Amino acid sequence: MHTIAAISTPQASGGIGIVRISGDDARTVASHVFTSVSGKTLEQIPGYTSLFGTVHDADGNFDQCVAANYRAPKSYTGENVVELSCHGGLYVIQRLLNACLSAGAVMAQPGEFTRRAFLNGKMDLTQAESVMEMISAQGKGAAAAARAGQEGLLYGRIHSVQKELTDTAAHLAAWADFPEENVPEVDSGKLEKTLKCMQSELEQMLQSFHTETILKNGVDTVIAGRPNVGKSTLMNLLSGSEKSIVTSYAGTTRDVVEDTISLGGIPLKLADTAGLHDTQDPVEQLGVLRSRRRVEGAQLILAVFDSSEALSQEDKNFVDMIGDTPAIAVVNKSDLPSKINIEYIKSQFKQIVYISALQGNGLQKLKDAVQQVLHLQQIDPAAGILFTQRQQGDVTRAGNAVSEALEALKSGMTLDAVTVCVEDAVSALLELTGESVSETIIDQVFEQFCVGK
Amino acid sequence: MEHEYDAGAFDVAVVGAGHAGIEAGLASARLGCSTLVFTINLDAVGNCPCNPSIGGTAKGHLVREIDALGGEMGRTTDECFLQSRMLNLGKGPAVHSLRCQIDRRKYSEIMKHKLELQENLFVKQAEIVDLRHAADGVRWELVTRMGAVYTVKAVVLATGTFLGGRIYVGEVSYESGPDGMFPAAFLSKPLQKLGLRLRRFKTGTPARVLRSSIDFTGLEVQKGDDPVVPFSYDTLVPGKNRAVCHVSWTNDQTKAIILKNIGRSPLYSGHIKGIGPRYCPSIEDKIMRFQDKPRHQLFIEPCGLNTEEMYLQGMSSSLPEEVQLQFYHTIKGLEHVQIMRCAYAIEYDCVDPLQMDATLEFREQPGLYGAGQFNGSSGYEEAAAQGIVAGINAALKVQDREPMILDRASSYIGTLVDDLVTKGVTDPYRMMTSRSEYRLVLRQDNADERLTPIGRKIGLIGDERWARFQQKEQQKVDELKRAQKTIFAPSEELNQLLVSHETSPVTTGVRLAELLKRPQLNYQVLAPVDKDRPDYPAAVFENTEIELKYEGYIKRQKADIAEMRRLEGRNLPRSMDYTTVNGLRSEAQEKLNKIQPMNIGQASRISGVSPADVSVLLIWLSKEHS
């Protein structure tokens, strides 16, 4: 059985979110996305115990996590199970699921955990009956969703990639199955180009899934900077009310102040944080620590600078903290004479907006910048965006298979190995419509090539 | 029939002695069943009415597999081939395929003689005109045109293109079997009476022409391989190539003549209703469907050593004979060609294979089996593959033993049978490597590893062959161990060798296995540094190299196979009414009722049965069993 993974908490913001992994390789998959603080691995600890640590993907750590270990047969499904509990918020939890899928888990089918539980004797007959109805209902729902999807733009988009990959597989098949019938040679340069193109198309689709999530759930946005640059003024300006206490004293905001606003149609979950600096005040120290964590976990950072003052070491330390997180330099107090080293800011940020939070100008530019930095302006709502995890799972699988095909091609493997990878990709994309891979490819062979004696 | 007589009783009867019938008959007799093989014409046993060749892509895999199970096709091919080639070298081990040109009369002669010599087997020239249940309701009665009534416990139908056969050449059409034999004109009706759903398929063959009327000057020559790789694991000393083939091309004139006369093709005039194979188009089909293609390739192949008939592969047609002559004459080398037998299309009755199980037994008619073109396939090799499956299962049934079911992961044979009985066919089915999802595991080099243990268990593999097989398997294990253990020091000689094959030199000791994993290297290249290599057959090294080089892919396919087999192990009840299973979608209920899958795995491959339906089935099944 494949090792499967899915989000097991409701699809809404909550205190915590759980990704459940089940199957023989559950611990192996978990070990790719989770590292404990103590240095222990899930292999080393008994069932019914947990480890605390961080979860990460190719882009680095993104949240704290408790990993609960269940050893077969003592688990919900009767298989090895790891449950990764993170902070709530769909962005984090979906990123965690993606990481698990990249680490080799397969997206669970509707009701699959329960089905496995039943088959492994973890459930009695009465429960089974209700499970059956539940799965059936879900099946009907999925079918309806697939039908709706077929009419949609997303289907068109997946279909065009699938068509291109099918054509590629058909050429490979015709070339292998009809060696003496004048089928054009497979040009590996051209093949590589096609595969790369498909790889980037699939990546873009996954990116659009990310967009969809953003539009649905909001962007975790942190307003940060050294003390007294005007973060709270910006917060109040954006939220349209006196959310944060504003004084001329540095360090007024000691805890995180939150609000959700809509900026140009994009929901931002704003958090105004304590100014980042070294302080002896224990209360302020706590606030600064929280700010740092927020900055590390943010999806978007509004980095506020005071244009009327030269950049301090604290400003620069803060800039270093931001890393790869999408960020906008908000240069405040543009109404005052400028003393800031703007060249440095330009070298560190792609997006810079000059505002005067006090006078309330520069908001439109900030909206544009947010769209830019989140790549939302490239997303044409009519271009079709991924809308279910299932589809995301299929596209992820297809993308991985295309990458493997490219790898095989580059390392000089024979094309039969490349072919099976391309077919895996087609298979992943055909999952939704339930068509058979070999039939689809063979139909294409006879459609396109004059083969046969 | 008015005058019938009791002609005696046998265990198994096989109707037809083509490639399917031969394997079915031999397998059944070799398993100890008294077996009767009927043929309309004793001179047509193992006839090759189309191309004079055995094997080819994926078909070569089938022949290897038939041989590994204990069948005859591979051995006989090795005894009478004229030219042998391993196709697709360089495209990867999954698609390497062996193909042999054969002496077609000799092939037929050897096969007929093998049937005649086979213990427990009686081969009889007779047309079967009726098939019915015996009075006991369990056995079957077959009635010949002469009124002889044979009573048997199991029947294998392998009627090929004889059943209801009709030939078309332009406006000319008449009832006929292949190659001028008479057709089986009476059997279709009783089969329909038994509830078999018959349909019309068609196929075709090109002209045979006189060798001395061909001008071979300037035609490309195609030679056989040296050394020759035999088909059969029994052939220890392979024969030699004895003939060559030639290549020529159609041109604008050919096209013009065909287009001008297309209205005289029975396919285009609407006289042929049968569905032809997509992969075996006639030349007029190719020209009509691919109008932008300036030319089409053809191969000129010898039919045997004792005949001057030559086969024009790629040029099958159902246009009138005079038109055939005209367009053949436009082709380089064939300017003055004389047709000895003209090209024709043949239409025949075959059955909907969805009515069968993976044993090739009809679900509603216990003891009745089908194989070959009768089941909707095409090709000698596909026919033989089904023949051995049907013959084995008929014998096992008579002996009250467990049936043999080859799953998709075991073989191309299993894939072929599963496709037929699970997906059905809309046109004659041909095997292709692209039909197997496990093709890196199902290679032609390891057919014995996959199937010989099964053949042995059933009783078709003798002691000598078994001992040889076990020795080879041991050598494979030992060689893999040696490759993993042997370490080469980073010598000047080794690094020069590596660099000269465009792969990076080493600075520390390196294992033979690691080097073999590099796509640029192989056993042959490494021979100068691999000095302590044991003296094993080439096949052992070939296998080791493939297992190492493709390890990652093979491992992944094996994981998929394990997954598939889990579902395959969960049997479904027979004669089941799926409308009584709550939760299944109605499309799934309908399909499941029609196909009656043997297990969950087969059910999951039916188009229209979704993963959710499979879940419902699994839970329903577990509930039923408790």
Worksheet, complete the sentence: Partner shielding of B:311-324, as the mean number of partner chain Cβ atoms within 10 Å, equals 1
Worksheet item: So how do B:177-186, B:316-325, B:25-34 stack up, highest first, on mean other-Cβ count within 10 Å?
Response: B:25-34, B:316-325, B:177-186
Discussion item. Tell me the per residue accessible area of the protein assembly as shown using a 1.4 Å probe; a whole number in Å² is fine.
Written reply: 40
Discussion item. Quick check: net charge around residue A:16, other residues with Cβ under 11 Å of its Cβ, Lys/Arg +1 and Asp/Glu -1?
Written reply: -2
Response to the item:
Rounded to a whole %, the carbon-and-sulfur portion of the accessible area of region A:218-373 at a 1.4 Å probe is 47
Worksheet item: Given a Förster distance of 35 angstrom, what is the FRET efficiency for residue A:74 paired with residue B:594, based on the Cβ-Cβ distance and rounded to 0.05?
Response: 0.25
Fill in: Neighbour cut-off at most 15 other Cβ (10 Å), DSSP loop, trypsin sites (Lys or Arg not before Pro), region A:24-106
A:40, A:74
Fill in: region A:218-373 shape via C-alpha gyration tensor axes, a/c threshold 1.5
rounded
Practice prompt. Starting from the Cα gyration tensor of region B:150-268, multiply each eigenvalue by 5, take the square root, and state the resulting semi-axes largest first in whole Å.
Written response: 36, 30, 12
Worksheet entry | Residue-span extension gain [residue B:493 to residue B:478] - 0.36 nm each, minus C-alpha spacing | 2.8 nm
Discussion item. Taking a virtual spin label 7 Å from the Cα of residue A:372 along the C-beta vector, which residues in region A:301-318 bring their backbone nitrogen under 18 Å of it?
Written reply: A:301-305
Worksheet item: Given R₀ = 35 Å, FRET efficiency for residue A:344-residue B:558 by Cβ-Cβ distance, to 0.05?
Response: 0.05
Discussion item. I need the shape label for chain B. Rule: rounded when a/c is under 1.5, else prolate if a/b > b/c, else oblate, with a, b, c from the alpha carbon gyration tensor.
Written reply: oblate
Worksheet item: Heavy-atom accessible area of residue B:551 with all protein chains present, probe 1.4 Å, nearest 10 Å²?
Response: 80
Practice prompt. Take the solvent-accessible surface of the protein heavy atoms, probe 1.4 Å, and return the percent of it on region B:185-253 that carbon and sulfur atoms account for.
Written response: 54
Worksheet entry | Theoretical FRET efficiency, 1/(1+(r/R0)^6), r = Cβ-Cβ of residue A:314 and residue A:361, R0 22 Å, to 0.05 | 0.25
Practice prompt. Per residue of B:79-92, count partner chain C-beta atoms within 10 Å of its C-beta, then hand back the mean as an integer.
Written response: 3
Worksheet item: Packing-wise, with mean Cβ within 10 Å as the measure, how do A:267-277, B:122-132, B:539-549, A:188-198 rank, highest first?
Response: A:267-277, B:539-549, B:122-132, A:188-198
Worksheet item: Given the convex hull of the Cα atoms of region B:234-305, what is a quarter of its surface area in nm²?
Response: 8.1
Discussion item. Under a crude label model (7 Å from the Cα following the beta-carbon direction), how far is residue B:109 from residue B:138 in nanometres?
Written reply: 4.5
Practice prompt. Determine ³J(HN,Hα), in whole Hz, for all residues of region A:294-307 in sequence, where each value follows from phi through the Karplus function 6.51 cos²θ - 1.76 cosθ + 1.60 and θ = phi - 60°; x replaces Gly and Pro.
Written response: 4, 4, 5, x, 6, 8, 9, 10, 9, 8, 9, 10, 9, 6
Practice prompt. Would you mind classifying region A:4-108 by shape? Square roots of the alpha carbon gyration tensor eigenvalues, ordered a ≥ b ≥ c; an a/c under 1.5 is rounded, otherwise it is prolate if a/b is larger than b/c and oblate if not.
Written response: rounded
Worksheet item: For a paramagnetic label modelled at 7 Å from the Cα of residue B:174 toward its Cβ, which residues of region B:333-370 fall within the zone defined by backbone nitrogen distances under 16 Å?
Response: B:341-347
Fill in: Peptide B:275-282, shielding by other chains (average Cβ, 10 Å cutoff)
4
Item to complete: Rank by packing, highest mean first: peptides B:402-412, B:89-99, with packing defined as the count of other Cβ atoms within 10 Å averaged across residues.
Response: B:89-99, B:402-412
Discussion item. Testing the spin-label approximation: label points 7 Å from Cα along Cα→Cβ at residue B:2 and residue B:268. State their distance in nm.
Written reply: 4.8
Worksheet item: Once you treat every alpha carbon in the protein assembly as shown as an equal point and sum by Debye, what is log10 I(q)/I(0) at q = 0.09 Å⁻¹?
Response: -1.11
Worksheet item: Taking the Cα-to-Cβ direction at residue B:244 and at residue B:306 and moving 7 Å from each Cα, how far apart do the two end points lie in nm?
Response: 2.6
Fill in: Protein accessible surface hidden between A and B, which excludes ligands and nucleic acids, total in Å², probe 1.4 Å
5100
Item to complete: Output the antiparallel fraction of DSSP beta bridges having both residues in the protein assembly as shown, as a percent to the nearest 5.
Response: 65
Practice prompt. May I ask which of B:472/B:517; B:223/B:476; B:124/B:153; B:91/B:549; B:124/B:423; A:231/A:365 have a Cα-Cα span longer than 25 Å here?
Written response: B:223/B:476; B:124/B:423
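The values are calculated or read from the model by the stated rules, or taken from the named source; none is laboratory data. Worth saying up front: this structure is predicted, and the values here are computed from it rather than measured. Note that each Cβ is placed from the backbone with ideal geometry, even for glycine, and that neighbours are counted across all protein chains shown. These accessible areas exclude ligands, DNA and RNA; they are computed on the full protein's heavy atoms, side chains included. Shrake-Rupley method; radii C 1.70, N 1.55, O 1.52, S 1.80 Å.
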